[in-house]
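**Q** Take this structure first; my questions come after.
The values are calculated or read from the model by the stated rules, or taken from the named source; none is laboratory data. All of these numbers come straight from a predicted model, not from anything done at the bench. No Cβ is skipped: glycine too gets one built from the backbone with ideal geometry, and neighbour counts run over all protein chains shown. Quick note on the areas: whole protein, heavy atoms, side chains included, nothing else; ligands and nucleic acids left out. Shrake-Rupley method; radii C 1.70, N 1.55, O 1.52, S 1.80 Å.
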Amino acid sequence: MPISKEPKRKSLLASLLKWLAALFLAFIATFLIGCYFFVLELDKELPDIRQLQYVQYQTPLDIYSQDGLLIAEFGENHRIPVSIDQIPQQQINAFLAAEDDRFYKHSGVDVKGLLRASTLLAKTGKRKQGGSTITMQVARNFLLSNEKTYLRKLKEIMLALKIEKNYSKQQILELYLNKIYMGQRAYGIAAAAQVYYGKDLAELELQQQAMVAGLPKAPSQYNPIADPERALQRRNYILRRMLELQHISLADYNLALSKPDNARLQNKKIELNAPYVAEMVRQEMMNKYGEDTYNLGLKVRTTVPGHLQIAADHALQQGLHQYDDRHEYRGLPHKTLSKNAASFTGGVVGDSRQAVITAVSDSGFTARLHDGALLSIPSQNIPWAKIFQVDSGRHPFLQINDIVWVRQLDDQSWALTQIPAAEAAFVALNPKNGAILALSGGFDFSHSKYNRATQSKRQPGSGFKPIVYTAALENGYTAASIINDAPLVIEDPSLENGWRPENYTQHYHGPTPLRVALRESINLVSIRLLQEVGISHAIATAMRFGFEKEQLPPTLSLALGSGSASPLKMAEAYSVFANGGYAIKPYLVEQVEDRNGTVIFRADPESVCPDCNEQNPSQTRLAPRVISEQVNFIMNSLLRDVVQRGTATQAKQLGRNDLAGKTGTTNEMRDAWFNGFTPDIVASAWMGFDNSLSLGKGETGGKAALPMWLSFMKTALQELPENPLLPPAGIVQAYINPKDGLLLNPKNGYGVWEYFSAETVPSAHSMPHPDNLPPEGVIEDEEGLF
C-alpha cells in the first residue's frame, strides 16, 4: 500500500504556523519595544510640565489716575486672569457641557472620544472631531505648537496624562479658562465677558454663559459679532447639553432659550479721559520695559487726580471756545445733509458735536444730533450773530439741513460752536514734589496728538521776567530800586537802525520802582535791568530754575522772554517761587504694579521739607534750595502784587489773597500765557497757533490764557485753605518814598511800606519835596516782546 502524505502535510503546516506565530510575536514584540523606546525618546522631547506652575499670561498695560480711575489700556490682546474660585459654577458647567463633559471622569485622555474621532476619520477621511479633552487643550495651548500632525497629537496625549498626575482638576480648569482664545482679541473667559457683554463673570446670565462657552470650538465661526445666527445655534446646543447633563432645569432651559442674544463689542470702560497723560505714561513704560510693556500686565498709577484732570480739560476747551467766540466764524459755507448725507458722521471733537439744523426761527434754531436727540439753541447762544448783523429776526447764515457744530455750556444749555483753529495747553504741578496734577496738551487728542504741554517750544514772553528780577534781587537790587522807563536803542548788526524795544502801550513813565515795573510788565525796565545784572548771570539763574542753556539766547531780548519753553517747563520754574525756593522735577508715574499686584516701582521724588535738618531728619529725599528764603519772599510779594494791582487783577474774582503769577504775551500776540500759583499748586496756561500766527489784537495773556487758569483754580482750590505770606528771618519792612526808594518818616502820607532783605534796607532818607512825590496812574494793561 502506498504511504499516506497527509500526516507529513499536517506536520509541515503546523511548523509553518508555529514559525509564522513566532514571527508575528517577534514582530509584535519588536514593535512594542520600538514603540516603548520611541515613546521614551519622545518623552525626552516633551516640554517640562512644571512650567505650568509659573504661567504668566500676556496681559495689557493699564493706566490709572491717582484715585484709581482707568485712563487707558494698551495691548493687542484683552485678558483678565481670574482664579477658579472667581468663576461661577454654572459658567464652568457650560464649558464642560460644550468641551468635555467627562472631564471629572477621565485621566486626561477620553478614550471614547478618541475612538469616536478615529472612527469618523476612517469613514470620511476628514478630521471633524479632534477628541481633545480640556487637559489635552491645556497641553496644546501652553506647551505645544498649533501644527496639526499625528505626532503632535501623540505628544498632546502624553502631556495630558502627565498633567493629570501632577495637577488637580481645578488647577487644570483655571489654566484652560484663562488661556483659551475667545475671538475679538479676547483671551480667557473674563475678557470675553467684558468684550462681548461689558460685564464681570458674576453678572452674566445663563444664556450669555452658554454663548461664551461656545466660543473656543471656533472663535470666528461661532462668534456672536461675526456670525450671530451660527453663534445662536451653538449657544442653544450648549443649553440643551446642560439640560441633558442636569446642570439646569427645564424651566431654566426654556427661559434661556427664549432670550435673544445682546452681544456687541464693548470697549473697556475708560473712566477718565486723559489721552495726553496716557500717551506720556505709555512712552515712559516703553522706555523702561521695551516691547514687553504691552504683555506684562503692568498697572500704572499716575499722580493725576481725576477731578483736577477733568477741570483742566474743561478749562482748556472753554478757553479756546471763548477765544473763538470773539473772532470769525469759519463754518461757511456749511455742508448740508441733502447734498452730502455721508458727511454727517455725528463726529465728536473735544466737547463739540455735529448736528443737523432742523428748524430756524426768530429765537434761534433747533438741531438734531446723530443719535436723534433734538436740541434748542437760543439766539443768545449764537456768538457770531452780531458779526452777521443779525440783531433781530432770522439768522441768514443758518439754514435747514446745514451741518453745524454745537456744544453744551455749564448751565446745560446748548450753543453754536466750531472746532478751534487755535490751540492751548495746560499743566498743574504740586510744587512741593513735582507731581503732575493735571496735563492737557491740546483741544482733542484724536484731532491732534501733538502734546503742546511737553513738546512745544514757545517763547515765554513776559512770563520770563520774574527770573530776571530774581537775578537782580540776588545782585543787590530791591523791590524799591528805581530803573528808568524810557526809549532805548540797542545796537544790532542784523538791524539797520538797531533794536528799538517798546512797551506794550508805547507809553513811558520815567524812573520806576521794580515792584511797579513787574506789576505792570514794563518792557524797557526789564531790558535795562538785564543790562545792569548781566546776561550771563541771568542765564545762570534761569538754569537753577530748570531751564536748559539752549533755551536761553544770550541777548538782551531774553529780558522779554525770547527763549523757548513748554508749559511744563514754565510750571516747573514757577514751582520754585511757590515752594519757598527749591528746585523740583516734574513726574507723572506714582507707582507700577506687576500682574500679581506686587509693587515694582514707587516714585521717590526730591521733595520740599523746610523743617527737615540734621536735628529733624527725614526719609524724604530733599529738593535742593536754589534761591534764598529772603529773595523768594520778596518775589512772592511782587508776584502777588501782579494779581492784586497789576496785569492779572481778573484773578481777584477767586476771592483769595494767596494767588500770585505773571502774564506773558509775545510779539504780535503769537503766544498768550499765564503762569500762576499758590503755595499748594502751580499751573501754567498757554494759548496760540501751532504755526505761530497772531492770536489777534488785544489777545494778551491776561485776556486769552488767564481765564483758563481761573477756571481750573476754581476747582483746584476749593478744598485748600488760604496761605498768608509770612516774612522769614532776615526780612525788614521799611517806609519809603516809592519815587526814589529812600526812607521816609511814616508821618508823611505819600510813602509806602516795602520789604527788604536786612542787608539791602536803605539808610538814606528821602527829602520831602513835591518833585519826589510818587508817579500817579502807572498802569500798562499788558506786555509784549518787541
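**Q** Could you estimate the translational diffusion coefficient of the range 543-646 from the Stokes-Einstein equation, with Rh from the Kirkwood formula over C-alpha pairs, at 4 °C and 1.567 mPa s, in whole µm²/s? Present the calculation step by step, with values, prior to reporting the outcome.
**A** On the way: Rh = 16.4 Å.
Translational D for this selection: 79 µm²/s.
**Q** Just want the answer: with Cβ charges of +1 for Lys and Arg and -1 for Asp and Glu, which residue in 333, 310, 344 is farthest toward the dipole's positive end in the range 297-346?
**A** 344
**Q** Given N residues in the range 282-424, what is Rg(Cα) / (2.2 N^0.38 Å)? Walk me through the intermediate numbers first.
**A** Details: Rg = 19.6 Å, N = 143, 2.2 N^0.38 = 14.5 Å.
That ratio works out to 1.35.
**Q** Continuing with this model, one more query. On the accessible surface of the chain, probed at 1.4 Å, how many percent belong to carbon and sulfur atoms? List each step's numbers first, then the result.
**A** On the way: 19600 of 37610 Å².
Looking at the chain in its full context, I get 52 percent from C and S.
**Q** Could you work out how far apart the two model spin labels at residue 154 and residue 759 are, taking each label as a point 7 Å from the Cα in the direction of the beta carbon, and quote it in nm?
**A** Going by the 7 Å Cα→Cβ label model, 9.1 nm.
**Q** If every alpha-carbon in the range 191-286 counts as one equal scatterer, what log10 I(q)/I(0) does Debye give at q = 0.17 1/Å?
**A** Log-scaled intensity ratios, in q order: -0.75.
**Q** Next question, about the same structure. Using +1 on the beta carbon of Lys and Arg, -1 on that of Asp and Glu, and nothing else charged, what's the dipole of the chain about the Cα centre, debye to 20?
**A** Working: 79 positive and 81 negative charges, 1142 e Å.
My answer is approximately 5480 debye.
**Q** Please give me, ordered by residue number, the GluC sites (Glu not before Pro) of the range 284-354 that lie in loop per DSSP and have at most 11 other Cβ atoms within 10 Å.
**A** Details: sites: 284, 291, 328; in loops: 328.
Within the range 284-354, no GluC sites (Glu not before Pro) qualify (loop, at most 11 other Cβ atoms within 10 Å).
**Q** From the mean inverse distance of alpha carbon pairs (Kirkwood) and the Cα radius of gyration, derive Rg over Rh for the range 299-350. Kindly include the intermediate steps, with their values, before the conclusion.
**A** Numbers: Rg = 17.3 Å, Rh = 14.6 Å.
Looking at the range 299-350, the ratio lands at 1.19.
**Q** To continue, here is another question. If one takes the longest principal axis of the Cα atoms in the chain, at what angle in degrees, from 0 to 90 and to the nearest 10, does the Cα axis of helix 523-533 lie?
**A** 90 degrees
**Q** Next question, about the same structure. Roughly what angle does helix 6-45 make with the longest principal axis of the chain, taking Cα atoms, 0 to 90 degrees, to the nearest 10?
**A** 10 degrees
**Q** Gain in length, residue 502 to residue 165, computed as 0.36 nm per residue apart minus the alpha-carbon separation, to one decimal in nm?
**A** Values: separation 337, 0.36 × 337 = 121.32 nm, distance 8.78 nm.
Computed gain between residue 502 and residue 165 is 112.5 nm.
**Q** Determine how many Å³ per residue the convex hull of the Cα atoms of the range 133-244 encloses. If you can, show how the numbers build up before the last one.
**A** Values: hull volume 13.3 nm³, N = 112.
Taking the convex hull of the Cα positions in the range 133-244, it is 119 Å³ per residue.
**Q** Among 58, 24, 249, pick out the residue whose Cα is farthest towards the positive end of the charge dipole of the chain, where Lys and Arg carry +1 and Asp and Glu carry -1 on C-beta, about the Cα centre.
**A** After comparing all options, I get 24.
**Q** Read phi for every residue in the range 187-201 and hand back ³J(HN,Hα) as whole Hz from Karplus 6.51 cos²θ - 1.76 cosθ + 1.60, θ = phi - 60°, with x for Gly and Pro.
**A** Couplings: 10, x, 6, 5, 5, 4, 4, 6, 5, 8, 10, x, 10, 6, 4 Hz.
**Q** Using the Cα centre of the chain as origin and beta-carbon charges of +1 (Lys, Arg) and -1 (Asp, Glu), tell me which of 638, 289, 510 is placed farthest towards the positive end of the dipole.
**A** Selected residue: 289.
**Q** Rank by packing, highest mean first: peptides 685-691, 561-567, with packing defined as the count of other Cβ atoms within 10 Å averaged across residues.
**A** On the way: 685-691: 22.3, 561-567: 24.4.
Output ranking for 685-691, 561-567: 561-567, 685-691.
**Q** Could you work out the relative contact order of the chain, using alpha carbon pairs under 8 angstrom and six or more residues apart, expressed as a whole percent? Numbers along the way, then the final one.
**A** Values: 1489 pairs, mean separation 88.1, N = 786.
Taking the mean separation of contacting Cα pairs over the length of the chain, I get 11 percent.
**Q** So how compact is the range 458-543: Cα radius of gyration and Dmax in angstrom?
**A** Computed over the Cα atoms of the range 458-543, radius of gyration and Dmax are 12.8, 36 Å.
**Q** I would also like to ask the following. With 18 Å as the limit, write out which pairs from 652/703; 449/697; 199/269; 268/288; 179/259; 179/217 have Cα-Cα distances beyond it, or answer none.
**A** Over 18 Å apart, Cα to Cα: 449/697; 268/288; 179/259.
**Q** Using only DSSP helix segments of four residues or longer, with each worth -39500 (n - 2.57), what per-residue ellipticity at 222 nm results for the chain after dividing by its residue count and rounding to 500? Can you show the working numbers first?
**A** Details: 19 runs with 259 residues, N = 786.
Estimated from H runs of four or more residues: -10500 deg cm²/dmol.
**Q** For the range 428-471, divide the Cα radius of gyration by the Kirkwood radius and give the resulting Rg/Rh value with two decimals.
**A** Working: Rg = 13.9 Å, Rh = 12.8 Å.
A ratio of 1.08.
**Q** Any idea of the accessible area per residue across the chain, 1.4 Å probe, to the nearest Å²?
**A** Working: 37610 Å² over 786 residues.
Solvent-accessible surface per residue comes out at 48 Å².
**Q** Taking the highest mean first, how do the peptides 755-767, 658-670, 200-212 order by number of other beta carbon atoms within 10 angstrom per residue? Provide the component values of the computation, followed by the final result.
**A** Numbers: 755-767: 14.8, 658-670: 25.8, 200-212: 20.9.
Top of the packing list down: 658-670, 200-212, 755-767.
**Q** At R0 = 30 Å, how high is the FRET efficiency between residue 141 and residue 345 if r is their beta carbon distance? Nearest 0.05 is fine. Walk me through the intermediate numbers first.
**A** Working: r = 41 Å, r/R0 = 1.37.
Between residue 141 and residue 345 the formula returns 0.15.
**Q** For the range 466-480, take each phi angle, set θ = phi - 60°, evaluate the Karplus expression 6.51 cos²θ - 1.76 cosθ + 1.60, and give the result in whole Hz per residue in order, putting x for glycine and proline.
**A** x, 5, 5, 5, 4, 4, 5, 4, 6, 9, x, 6, 10, 5, 9
**Q** Show which aspartates and glutamates lie in cross-link reach of residue 335 when reach means a straight Cα distance below 13 angstrom and same-chain residues fewer than eight apart are skipped.
**A** Within the straight-line limit of under 13 Å, residue 335 reaches these aspartates and glutamates: 402.
**Q** Given a Förster radius of 41 Å and the C-beta distance between residue 644 and residue 447 as r, what FRET efficiency does 1/(1 + (r/R0)^6) yield to the nearest 0.05?
**A** Values: r = 38 Å, r/R0 = 0.93.
Efficiency computed from Cβ-Cβ geometry: 0.60.
**Q** Label-point separation (nm) for residue 271 and residue 540, each offset 7 Å from Cα along Cα-to-Cβ?
**A** Between residue 271 and residue 540, the simple spin-label model gives 5.1 nm.
**Q** From the C-alpha coordinates alone, can you work out the Kirkwood hydrodynamic radius of the range 686-767, in Å? Don't jump to the answer; show the numbers that get you there.
**A** Values: mean 1/r = 0.0584 Å⁻¹.
Result for the range 686-767 stands at 17.1 Å.
**Q** Next question, about the same structure. Given labels modelled 7 Å from the Cα in the Cβ direction, how far is it in nm from residue 719 to residue 595?
**A** Label at residue 719, label at residue 595, 3.5 nm between them.
**Q** Okay, next question. Residue separation times 0.36 nm, minus the C-alpha to C-alpha distance between residue 203 and residue 380: what's the value? Write out the running numbers ahead of the final one.
**A** Details: separation 177, 0.36 × 177 = 63.72 nm, distance 4.73 nm.
Working it through step by step, the gained length comes to 59.0 nm.
**Q** Could the peptides 59-67, 354-362 be put in order, highest first, of the mean number of other beta-carbon atoms found within 10 Å of their residues?
**A** Numbers: 59-67: 21.7, 354-362: 17.3.
Per-residue mean Cβ counts within 10 Å order the peptides as 59-67, 354-362.
**Q** Is there a quick way to get the dipole size of the range 132-210? I mean about its Cα centre, with the Cβ of Lys and Arg at +1 and of Asp and Glu at -1; what is the value in debye to the nearest 20?
**A** Here the size comes out at about 480 debye.
**Q** For the range 494-588, give the magnitude of the charge dipole about the Cα centre (Cβ charges: +1 Lys/Arg, -1 Asp/Glu; no others), in debye to the nearest 20. Each step should come with its number before you reach the end.
**A** Working: 8 positive and 7 negative charges, 51 e Å.
Magnitude of the dipole: close to 240 debye.
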